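What follows is calculated from the coordinates using simple rules that are stated; it is not laboratory data. Keep in mind the model is a prediction, meaning the values are calculated, not measured. Cβ atoms come from the backbone with ideal geometry, glycine included; neighbour counts cover every protein chain shown.
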Amino acid sequence: MRILVCISHVPDTTSKITFNSDHTEFNQSGVQFIINPYDEIALSRAVELVEGTDGTVTVINVGDASTEPTIRKALAVGATDAVRIDAAPRDAWFVAKQIAHYATEQSYDLILTGRESIDYNGSQVAALVGELLHIPSVSIVKKFDIQDREITIEREIEGGKEVLSTQLPVILGTAEGVTEPKIPNMRGIMSARTKPLQVLPAVDVPTLSTISKYESPAPRGQVAMVDDVEQLVNLLHTKAKVL
Amino acid sequence: MAILVYVENIEGKFKKSAFEVVSYAKAIANEQSTSVTALSIGNVADDELNKLAGFGASKIVKVDQEQLKQFINKAYASVIAAAANSEQANIIVLSNSFSGKGLAPRVAAKLEAGLADGAIELPTFSGSDLQVKKTAFSNKAFATEIITADKKVIAVNPNSHEPVRSEETAAIETLSPSVDAGDLNIVIKDIVRATDKVSLPEAEIVVSAGRGMKGPENWAIIEELAAALGAATACSKPVSDAGWRPHSEHVGQTGIVVSPNLYIAIGISGAIQHLAGVSSSKTIVVINKDPEAPFFKVADYGMVGDALEIVPKLTAAVQAHKAN
């Protein structure tokens, strides 16, 4: 089985999010970058699936050279090889077009990515690539298993879950529950240095939308400390008006 | 050039999020001096469909053929795109629900439309460009997105736009689109929905608990408080990681992001990743035995004390309040 895993290079979850002075760009100074946590789950599951088989896991990232340490980490987790599309990722549409363009020429059995990236929170890439490749896409996948060419998928729905099945190829946006993130071992880290990392030019994509500015949330007012539950219920009723 | 709004139904019924998106579309239609066409796919009775007119839909299109009874994002996206074309709609609105997240990008890709997902405010217009505010960086920030493409898809976050009544008289039209067999190659095997529980992303009140509960055996008092409030239950990441509660209850940066009217955090210290998932809640109450817990800094109301003692008292106080 040939698996493609799309990974995004995002600020560490503990990062404070700040912007440049005109609020048009994310301020990267002092920020640690990681594999998007949901993509890491996707990657770990892919590595599990090919373990002990002749299957391969290719990771693809759309980014400039600064993302290479993140890609090397994915190789250390157990990916076979990697592709970097050499361009700043403008938006989900741009990224999806690059991935679809690359994948069209490769014919993967399974394409995995995280349910969303924790920076721009698009949750768009899986469904966009699915549409561009004319294959099924399932978002917010909690669990999946493959038997021959049939894949059974559990996805999250409001207040519950849905189980569905289809035939490969398919693209999934994975969430917590699919597997536990794999921690690279020393052998993985050593071998990652020499695994193939191909750098390809981006294809042209027309711009459909842009981000004009960012804002930080307004700080909340001072907390009102209360001593008993009756007082709390009373404040929620009369002041906050939520009860 | 109507505004097309796709309304999701659950077992033939519309939930609040459906009225939210119709109302959102109506506000845009007023601004653009046009009208709203609502599209419903699946088996929904006419009296349920008519409810959409009460929130501003002046035309209701239903697609209820057998093969489209269950949600299949590929097939539904084709129907929505076809309806957008036949209604000559340049703006398509839907909910950024779990299903909506898998649907909106496919609709946008079919129409080569710009997509703003996670919209939390009404858009503004400048010429043919549409500008809308959305969440970014897992709720740690907001971004303003400008859609420059001719066609625009907006996926509106649940609970971010209150439904406003706007009575219209709407005719119901039945549309029977031809469906490509390639769009139907997914089999829905099972749907499990806890009908007695409030769904977390749409809940108006959320009762959330963390490690301060000491163990899964103590969760009954959380469930009781949630039942008294008509709230959904949630938990912090360490709790779902430890298997005390299911992952589907995990609220935070890498879990579910919620924006209820009231978020009650019990025995949760308030790590930055958790705060990201709840910061857009309208009112936050924190109950924690550690007065130095960082969560108090972003709370509206705080109470210091042992969760196991306070929660049953709070439940009783809520019940007494409701009884009055």
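Peptides B:246-256, A:126-136, B:45-55, B:167-177 ranked from most to least packed, by the mean per-residue count of other Cβ atoms within 10 Å: A:126-136, B:246-256, B:45-55, B:167-177. Total lysine pairs in segment B:240-324 at Cα distances under 23 Å, for residues eight or more apart or on different chains: 5.
Label sites at B:Ala242 and A:Leu200, each approximated as a point 7 angstrom past Cα along Cα to Cβ, lie 4.6 nm apart. Coordinate range of the alpha-carbon atoms in segment B:3-184 per principal axis, descending: 42, 38, 29 Å. What you get for the protein assembly as shown, charging only the Cβ of Lys and Arg (+1) and of Asp and Glu (-1), is a dipole of about 580 debye around the Cα centre. Mean per-residue shielding of peptide A:205-216 is 6, counting Cβ atoms of other chains within 10 Å of each Cβ.
All Cα-Cα separations within segment A:2-212 were binned at 10 Å from zero, giving a P(r) of 8, 36, 37, 16, 2, 0, each value a whole percent of the pairs.
If both residues of a DSSP beta bridge must be in the protein assembly as shown, then about 35% of such bridges are antiparallel.
With one equal scatterer per alpha carbon and no solvent term, the Debye-computed log10 I(q)/I(0) for segment A:94-228 at 0.11, 0.20 1/Å reads -0.60, -1.28. The charge dipole of segment A:2-212, taken about its Cα centre with unit charges on the Cβ of Lys, Arg, Asp and Glu (plus for the first two, minus for the last two), comes to roughly 420 debye. Okay, which of segment B:1-36 sit inside 18 Å, backbone N to the point 7 Å along the Cα-Cβ direction of B:Thr124? Within reach of a label on B:Thr124: B:27-33. Largest GNM mean-square fluctuation across B:Pro105, B:Pro294, B:Pro163, computed for chain B with C-alpha springs under 10 Å, falls on B:Pro294.
Considered as an equivalent ellipsoid built on the Cα gyration tensor, segment B:205-323 has semi-axes of 19, 16, 14 Å, the largest given first. Using θ = phi - 60° in the Karplus curve 6.51 cos²θ - 1.76 cosθ + 1.60, the 3J(HN,Hα) couplings for segment B:216-232 round to x, 5, 8, 6, 4, 5, 5, 4, 5, 5, 4, 5, 5, 8, x, 9, 8 Hz; x is entered for Gly and Pro.
Against the main long axis of the alpha-carbon atoms of chain B, helix B:16-31 sits at an angle near 50°. For the protein assembly as shown, the spherically averaged projection of the C-alpha convex hull amounts to 26.0 nm².
Of B:Lys15/B:Lys51; A:Lys241/B:Lys197; A:Lys143/A:Lys182; B:Lys16/B:Lys74, which sit over 18 Å apart, Cα to Cα? From the list (B:Lys15/B:Lys51; A:Lys241/B:Lys197; A:Lys143/A:Lys182; B:Lys16/B:Lys74), the Cα-Cα distance tops 18 Å for A:Lys241/B:Lys197; B:Lys16/B:Lys74.
Sorting the segments B:32-44, A:186-198 by their residues' average number of neighbouring beta-carbon atoms within 10 angstrom, most packed first, yields B:32-44, A:186-198. Binning all Cα-Cα separations of chain B at 10 Å, short to long from zero, yields these whole-percent fractions: 6, 25, 29, 23, 14, 4, 0.
So how tilted is helix A:37-50 from the main axis of chain A? Cα-based, degrees 0 to 90, rounded to 10. Approximately 30 degrees, to the nearest ten. Taking θ as phi - 60° and the Karplus parameters 6.51, -1.76 and 1.60, the scalar couplings of segment B:293-309 work out to 4, x, 4, 4, 5, 10, 8, 8, 10, x, 9, 9, x, 6, 4, 5, 8 Hz in sequence order, x denoting glycine and proline. The Cα center of segment B:47-111 and the Cα center of segment B:253-286 differ in position by 31 Å.
For the protein assembly as shown, the mean residue ellipticity at 222 nm estimated from helices alone is -8000 deg cm²/dmol, where every DSSP H run of n ≥ 4 contributes -39500 (n - 2.57) and the total is divided by all residues, rounded to the nearest 500.
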